[in-house]
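> This is the structure I have questions about; it appears just below.
Just so you know, all these numbers are worked out from the coordinates, no wet-lab data involved. All values reported here derive from a predicted model rather than from experimental measurement. Virtual Cβ from ideal backbone geometry, glycine too; neighbours counted across all protein chains shown.
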Amino acid sequence: MSRRTRTHTATGAAPTVHIPRQHGNRRGPQVIVVVSDEPPTLTQRAATATGRWVWKHRRTWAPTGLAILLLPVTGIVHLITPWAALAAGPAAAIPLAVLAWKAKGRPVRTHAEVARRIALAVLALAALAWLCLASWFGPAEPALMGLWSLITLDAQITWLFARLRSTLTAKGTR
């Protein structure tokens, strides 16, 4: 018999028997570790099912996951360096500058495209403004939590419609 650990199916109460390596005197008492295979609890099953569902739909819920990650990061930034909001304040104007640059460089074809660009610029402006305000006042302020919820909801809905539209155009139905 080799010295490797072996797994055997035992008949009786314990289904799995692990026999570890024997070191030193081989004539000494043998050590046998019996590990019972208990069925997972309801909590473990629920956690496993939730984890699998989240992993399966990770691309669909990307904006919400990013927002949930951003919330404690903003809280940490607020605790460590609240003055970072003053440095990040001018960044809130970037979406408006990009909107003006896109309008100048590439003319739009339809009113829907103009509306889409304006909506994305407003969403980005609101998110960056929230980031600056939450860095200064703290993300746990009730008004900022409400704004965070609205921005997250809007970003998720916009993301879902954009994915649906890209799926439909990829299939050639539009």
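> What does the charge count around Leu147 come to, taking other residues whose C-beta lies under 12 Å from its C-beta (Lys +1, Arg +1, Asp -1, Glu -1)?
Working: positive: none; negative: Glu141, Asp154.
That sum, taken over residues with Cβ under 12 Å, equals -2.
> On to the next question. Straight-line reach from Lys102: which aspartates and glutamates fall under 14 Å, measuring Cα to Cα and dropping same-chain residues less than 8 apart?
Glu113
> Here is a further query. Under the classification rounded if a/c is under 1.5, otherwise prolate if a/b is larger than b/c and oblate if not, where does the stretch 26-174 fall, given a ≥ b ≥ c as square roots of the Cα gyration tensor eigenvalues? Before the final figure, lay out each step's value.
Details: a/c = 3.18, a/b = 1.69, b/c = 1.88.
Oblate is the answer for the stretch 26-174, as a/c is 1.5 or above yet b/c matches or exceeds a/b.
> If you don't mind, another one. Could you tell me the calculated FRET efficiency between Thr167 and Ala84, based on Cβ-Cβ distance and R0 = 41 angstrom, to the nearest 0.05? Please list the in-between numbers first.
Working: r = 39 Å, r/R0 = 0.94.
Efficiency, rounded to the nearest 0.05: 0.60.
> By its C-alpha gyration tensor, with a ≥ b ≥ c as the square roots of the eigenvalues, how is the stretch 111-174 shaped: rounded for a/c under 1.5, else prolate for a/b larger than b/c, else oblate?
Here the stretch 111-174 falls in the prolate category.
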